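Peer 1: Quick one: the structure is below, questions incoming.
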Amino acid sequence: FKKIRRGIATMKDGTRVLLHTSKIPPGSITDDSLSRMRFCPVFLQQHITKKYDVRCVIAGERVFSFAIHSQEVEIAKVDYRTAFLYGGQKKIRHEVITLGDEIEKKLIAFVRAFGNHFGVIDLIQTPHERLVFLEDNPEGQWGWLQQETNAPVASAVTDHLVSLL
């Protein structure tokens, strides 16, 4: 890489590529490589085996949760966004799911704890039915989820914004 800025890498030939989550092969991180990454903007975490990805859209008091069946498409297994880059979005099955009242209340409380009324939270559902929190995107994307599932997310966002007037 010539340079990396905001998740976009510029190659030596000038080609720009978007970087997504990647698996790091065992043994490739050494004390030396860690010391060279000391001031680099990276997140490292243990690999978590997925049953599927979950994206939750919180609009006010409403929660829309979606199973993104990334494990059914080879190029989407580590990070489903990679499939989107290569035209594989339509190959990934999307499904509206319910996480239950208790979890939905916690997701709303989490978003509100930051003073927000909207958030897009990413989770992983493991094969052992455990939900693992990944991140909160205060301005996360959700439009494709509505297109894939017909969930009325835009109406909920609009209704909530109007309620704030």
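The values are calculated or read from the model by the stated rules, or taken from the named source; none is laboratory data. On a predicted model such as this, the values are computed, not experimentally measured, just so you know. Positions of Cβ are generated from backbone atoms using ideal geometry, with glycine treated the same way; all protein chains shown enter the neighbour counts. Accessible surface is based on the protein model in full, side chains and every heavy atom, while ligands, DNA and RNA are left aside. Shrake-Rupley method; radii C 1.70, N 1.55, O 1.52, S 1.80 Å.
Peer 1: Using +1 on the beta carbon of Lys and Arg, -1 on that of Asp and Glu, and nothing else charged, what's the dipole of region 73-149 about the Cα centre, debye to 20?
Peer 2: Computed about the Cα centre, the dipole is about 160 debye.
Peer 1: Taking Cα pairs under 8 Å and at least six residues apart, what relative contact order does the chain come out at, in percent?
Peer 2: 20 percent
Peer 1: Might you report the magnitude of the Cβ-based charge dipole of the chain about its Cα centre, with Lys and Arg at +1 and Asp and Glu at -1, to the nearest 20 debye?
Peer 2: Dipole about the Cα centre, nearest 20: 740 debye.
Peer 1: Let me ask something else. Would you mind checking the tilt of helix 101-113 against the longest principal axis of the Cα atoms of the chain, expressed as 0 to 90 degrees and rounded to 10?
Peer 2: For helix 101-113, the angle is close to 70 degrees.
Peer 1: Further, regarding this structure: Count the lysine pairs in region 38-145 whose Cα atoms lie under 23 Å apart, taking only pairs 8 or more positions apart in sequence or on different chains.
Peer 2: Lysine pairs satisfying the spacing and distance rule in region 38-145 number 10.
Peer 1: So who's got an amide H within less than 5 Å of the one on Lys51, skipping anything under 5 residues away but keeping other chains? H placed 1.01 Å off N, in plane.
Peer 2: Here Gln125, Thr126 satisfy the definition.
Peer 1: Which net charge results when you count Lys and Arg as +1 and Asp and Glu as -1 among the other residues whose beta-carbon is under 13 Å from that of His128?
Peer 2: In short, +2.
Peer 1: Which shape class, rounded, prolate or oblate, goes with region 103-152 when its Cα gyration tensor gives a ≥ b ≥ c as root eigenvalues, a/c under 1.5 marks rounded, and past that a/b bigger than b/c marks prolate?
Peer 2: Oblate, because a/c is 1.5 or more while a/b does not exceed b/c.
Peer 1: Compute the angle between helix 153-163 and the longest alpha-carbon principal axis of the chain, please, reported from 0 to 90 degrees and rounded to the nearest 10.
Peer 2: 60 degrees
Peer 1: Still on this structure, please answer the following. Subtract the Cα-Cα distance of Thr30 and Trp144 from 0.36 nm times their separation in residues, and report this length gain in nm to one decimal.
Peer 2: Taking 0.36 nm per residue and subtracting the Cα distance, the gain is 37.1 nm.
Peer 1: Where Rh denotes the Kirkwood radius from the mean inverse Cα pair distance, what is Rg over Rh for the chain?
Peer 2: 1.00
Peer 1: Hey, what's the chain come to in accessible area per residue, 1.4 Å probe, Å²?
Peer 2: That works out to 68 Å² per residue.
Peer 1: Sticking with this one: For Lys105, Lys50, write out the residues from largest to smallest accessible area, computed with a 1.4 angstrom probe and no ligands counted.
Peer 2: Lys105, Lys50
Peer 1: A follow-up question, please. Sorted by accessible area with a 1.4 angstrom probe, largest first, how do His47, His128, His94 fall?
Peer 2: Descending order: His128, His47, His94.
Peer 1: Specify the residue with the greatest mean-square fluctuation among Gln141, Gln46, Gln89, computed from a Gaussian network of the chain linking alpha-carbon atoms under 10 Å apart.
Peer 2: Largest GNM mean-square fluctuation: Gln46.
Peer 1: Continuing with the same structure: Any idea how far apart Glu95 and Glu61 come out in nm if each label point goes 7 Å out from Cα toward Cβ?
Peer 2: So the two model labels end up 3.0 nm from each other.
Peer 1: Round to a whole number: what % of the accessible area of region 27-165 belongs to carbon and sulfur, probe 1.4 Å?
Peer 2: Exposed carbon and sulfur together represent 53 percent of the surface.
Peer 1: Shifting gears a bit: Which of Ala76, Ala109, Thr158 sits farthest toward the positive end of the charge dipole of the chain, with +1 on the Cβ of Lys and Arg and -1 on the Cβ of Asp and Glu?
Peer 2: Ala76
Peer 1: What dipole magnitude, in Debye to the nearest 20, does region 55-100 give about its Cα centre under +1 on Lys/Arg Cβ and -1 on Asp/Glu Cβ?
Peer 2: That gives region 55-100 a dipole magnitude of about 120 debye.
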